[in-house]
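Since the structure comes first, as structure tokens, the remarks are kept for the end.
Nothing in this text is a laboratory measurement; each read-out follows from the coordinates by a stated rule. Not measured: the values here are computed from a predicted model. In this analysis, Cβ positions are derived from the backbone assuming ideal geometry, glycine residues included, and neighbour counts consider all displayed protein chains.
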Amino acid sequence: MTCDKKLDRELKELVLWRLEASVPEHFKLSVGGEEAFSKEELKMHVEQEDPIGLTFVNMQLDFIKALTSGKFSKVLAE
């Protein structure tokens, strides 16, 4: 996904919901080898659809795909 392409509104809402629901306020996450970001900073990057936000969206999509394909469960079972 490139920076010149707009995110689908529903995908953006899903990622923002997952971020809000799954990341505690005091956690910081490192995205794309960059500095660590707070939940609020990541939400801002996703809203702006900048490179950090798009990287986070792609990470979330990869995770959701792994869950739905069964790959995540297989790795946990090993």
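Suppose we flag trypsin sites (Lys or Arg not before Pro) only when DSSP calls them loop and at most 13 other Cβ atoms lie within 10 Å. Which is the longest uninterrupted stretch of the chain? Could the numbers behind the result be given before it?
Details: sites that count: K5, K6.
It works out to 7-78.
What is the dipole size for the chain, taken about its Cα centre, with +1 at each Lys and Arg Cβ and -1 at each Asp and Glu Cβ, in debye to the nearest 20?
Details: 11 positive and 15 negative charges, 76 e Å.
About 360 debye.
Filter the chain for me: DSSP H helices, axial length by Cα at least 15 angstrom, mean Kyte-Doolittle hydropathy not below 0.5. List them by residue number. Mind dumping the intermediate values first?
Details: long enough: 9-22 (19 Å, -0.28); 51-69 (27 Å, 0.81).
Membrane-span-like by this criterion, though nothing is claimed about a membrane: 51-69.
Just checking my list (i) 1.14; (ii) 1.62; (iii) 1.51 against Cα Rg over 2.2 N^0.38 Å computed from this structure; which label fits?
Matching the structure shown: (i).
For the chain, what number of Lys pairs, 8 or more residues apart or on separate chains, have alpha-carbon atoms under 22 Å from each other?
Lysine pair count for the chain: 13.
If I stretch the segment between I64 and L76 completely, what's the gain in nm (0.36 nm per residue apart, minus their alpha carbon distance), one decimal?
Numbers: separation 12, 0.36 × 12 = 4.32 nm, distance 1.49 nm.
Extra length available between I64 and L76 comes to 2.8 nm.
Given the -39500 (n - 2.57) contribution per DSSP H run of 4+ residues, what per-residue ellipticity at 222 nm results for the chain, rounded to the nearest 500 deg cm²/dmol?
On the way: 4 runs with 50 residues, N = 78.
Helices in the chain give a 222 nm mean residue ellipticity of -20000 deg cm²/dmol.
Going by a ≥ b ≥ c, the root eigenvalues of the Cα gyration tensor, does the stretch 37-78 fall in the rounded group (a/c under 1.5), the prolate group (a/b larger than b/c) or the oblate group? Intermediate results must be reported in sequence, preceding the final value.
Values: a/c = 4.16, a/b = 2.62, b/c = 1.59.
Here the stretch 37-78 falls in the prolate category.
Work out the charge dipole of the stretch 9-71 with +1 on the Cβ of Lys and Arg and -1 on the Cβ of Asp and Glu about the Cα centre, then indicate which of L16, F63, L29 is farthest towards its positive end.
Value computed over the given set: F63.
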